[in-house]
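**Q** One structure, as structure tokens, below. Some questions next.
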Amino acid sequence: MTRLPVKVCAGTSCHLMGSQEIIEALENMPDQYRNRIEMGFTSCFGECEKGPCVLVGDKLIYKATPEKVLQALKEELKSER
């Protein structure tokens with residue numbers, strides 16, 4: 001099974017805007033979702049004023065929150081079936 005790529009910006013600006021909360025939410029989500037993603041980090045998407053930024057599949061989420069990211073993940077994983 002192919003895993004859905006998820007990239008969290010770990011650059012200074014996004015980190016200061018809350019990317020760590022998103023990382024923690026991804027690490028602690030239920031296994032039914034966690035086992036289907038490939039989480040990684042990037043230093044910058046070049047959208048610092050819109051941070052934190054997270055790439056879920058090919059969808060870039062601006063001003064990301066744990067709730068927004070988890071919702072996007074669920075939608076992407078549902079569409080893969």
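The values are calculated or read from the model by the stated rules, or taken from the named source; none is laboratory data. What you are looking at is a predicted structure, and each value in this text was computed from that prediction instead of being measured. Heads up, the Cβs are rebuilt from the backbone with ideal geometry, glycines too, and the neighbour counts pull from every protein chain shown. To get the accessible areas, we keep the full protein, side chains included, count just its heavy atoms, and leave off ligands, DNA and RNA. Shrake-Rupley method; radii C 1.70, N 1.55, O 1.52, S 1.80 Å.
**Q** Here are some residues: 56, 6. Which one is closer than 16 Å to residue 76 by Cα, among the aliphatic types (A, V, I, L, M) and out of contact with any Lys or Arg (no Cβ under 9 Å at 6 or more places or on another chain)?
**A** Working: 56 fails: out of contact with any Lys or Arg (no Cβ under 9 Å at 6 or more places or on another chain).
Exactly one residue qualifies, and that residue is 6.
**Q** Limited to region 35-53, what total is found for residues that are surrounded by fewer than 14 Cβ atoms within 10 Å (Cβ to Cβ) and of a type in the set (D, E, K, R)? Let's see the steps before the verdict.
**A** Restricting attention to region 35-53, the residues satisfying the condition of being surrounded by fewer than 14 Cβ atoms within 10 Å (Cβ to Cβ) are 35, 38, 40-41, 43, 46, 49.
Among the residues that remain, those that are also of a type in the set (D, E, K, R) are: 38, 49.
So the answer is 2.
**Q** Failed condition for residue 73, given (1) assigned to a loop (DSSP other than H, G, I, E, B); (2) touching a residue at least 60 places away in the same chain (Cβ under 8 Å), with all others met?
**A** All conditions are met except number (1).
**Q** Residue check, residue 15 against (1) touching a Pro at 6+ places or on another chain (Cβ under 9 Å); (2) open to solvent by less than 40 Å² (accessible area, probe 1.4 Å); (3) without any contact (Cβ under 8 Å) to a residue 40 or more places away in the chain, all met but one. Which one?
**A** Going through (1) touching a Pro at 6+ places or on another chain (Cβ under 9 Å); (2) open to solvent by less than 40 Å² (accessible area, probe 1.4 Å); (3) without any contact (Cβ under 8 Å) to a residue 40 or more places away in the chain one by one, residue 15 breaks only (2).
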